[in-house]
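Here's the structure we're looking at; comments come further down.
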Amino acid sequence: MFARVVLAFGITLTLALAACGGSTSSSNSSPSVSVGTAAVSLGTAAVMISATGQLTFDPAMQTAHVGDIIQWTNTGSVMHTITFDAEPALSDPSLQPGATWEVKFTTAGTYQYHCSIHTGMVGTIVVS
Ligand SMILES: [Cu+2]
């Protein structure tokens, strides 16, 4: 229970800081790492995944090809994150309801991710 309270406070603080900076969201960054790039918009999505109000990624297991734009949409009413286990720089720390986030992998591999807010909300992208 204590951990949940701390987590909620941390989210509130993050949102407040984003507002002070004149930025609507930390999602405005466009991180790029050796295996891929991420941004709010990279182009037309080839693969779509929903971050749902049922606290799932749908589909949880998704295949894609190198160079495909993968788009997550928050279709629920609570904030989620898209946090890559091994590539945290590609992550979206605050996917607001209705918002989207895109990632394009330039390297084949299996990329596991989760929502750092909701325990058990996990997904996998297999890029070939
Ligand atoms: Cu979530």
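Only the coordinates and a few stated rules stand behind these numbers; no lab work does. On a predicted model such as this, the values are computed, not experimentally measured, just so you know. FYI the Cβ positions are ideal-geometry reconstructions off the backbone, even for glycines, and counts take in every protein chain you see.
Based on the Cβ-Cβ distance of Gln112 and Thr44, what FRET efficiency does E = 1/(1 + (r/R0)^6) give at R0 = 22 Å, to the nearest 0.05?
Values: r = 25 Å, r/R0 = 1.14.
The computed FRET efficiency comes out at 0.30.
Using the average count of surrounding beta-carbon atoms within 10 Å as a protection proxy, the listed peptides 59-66, 107-114 rank, highest first, as 107-114, 59-66. Tell me, rounded to the nearest percent, the portion of alpha carbon pairs in segment 28-128 spaced more than 21 Å apart. Pairs farther apart than 21 Å: 20 percent.
For segment 72-128, calculate the relative contact order in percent as a whole number, restricting contacts to Cα pairs under 8 Å that are 6 or more residues apart. Write down the numbers at each step before the final one.
Values: 104 pairs, mean separation 19.5, N = 57.
That works out to 34 percent.
Distance between the 7 Å Cα→Cβ label points at His65 and Val33: 2.5 nm. Computed from the Cβ-Cβ distance with R0 of 25 Å, the FRET efficiency linking Val78 to Val122 stands at 0.90.
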